[in-house]
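Here the structure is laid out as structure tokens; the discussion comes afterwards.
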Amino acid sequence: MLAPLRFLWNATRGHRLTPWRSEYLRWRVETYSGKRAETLRAKDIFGFVWTNRWELLNFLLWTRQLDQAARKRDA
């Protein structure tokens, strides 16, 4: 559970209380959805998260698997 939280913490650096202003998250939403990052508002980000919640959850679970594999390799 810590890997997904760590990803979100790092992805919103500088904008933790307003994640929709994060350049990184805006860029990722633009890459995934095709919507222009400059035009994204909080409503657009939350709508994107809600409609793609299962894909995003799978992505966060994947980050956890990567973190676990890296820790195994380093141990």
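The values are calculated or read from the model by the stated rules, or taken from the named source; none is laboratory data. Just so it is clear, the structure is predicted and the values come from calculations on it, not from any experiment. Here the Cβ positions follow ideal geometry from the backbone for every residue, glycine too, while neighbour counts run over all protein chains shown.
Things worth noting here:
- Cross-chain or 6+ apart pairs with Cβ under 8 Å, region 8-30 first and at negative phi and among the polar types (S, T, N, Q), then part of a helix (DSSP H, G or I) and crowded, with 17+ Cβ neighbours inside 10 Å: T12/P19; T12/L25
- Residues within region 24-48 that are within 23 Å of L61 (Cα to Cα) and not aromatic (F, W, Y), tallied: 9
- Looking only at residues of region 15-44 that are closer than 17 Å to E55 by Cβ and hydroxyl-bearing (S, T, Y), we find that the one that is modelled with the highest pLDDT is T31.
- Breaking point among (1) more than 18 Å from P4 (Cβ to Cβ); (2) in a helix (DSSP H, G or I); (3) of a type in the set (A, V, I, L, M, F, W, C), for L17: (2)
- The condition of being aromatic (F, W, Y), surrounded by 10 or more Cβ atoms within 10 Å (Cβ to Cβ) and under 14 Å from the mean Cα position of the chain (by Cα) holds for only one of W9, W54, that being W9.
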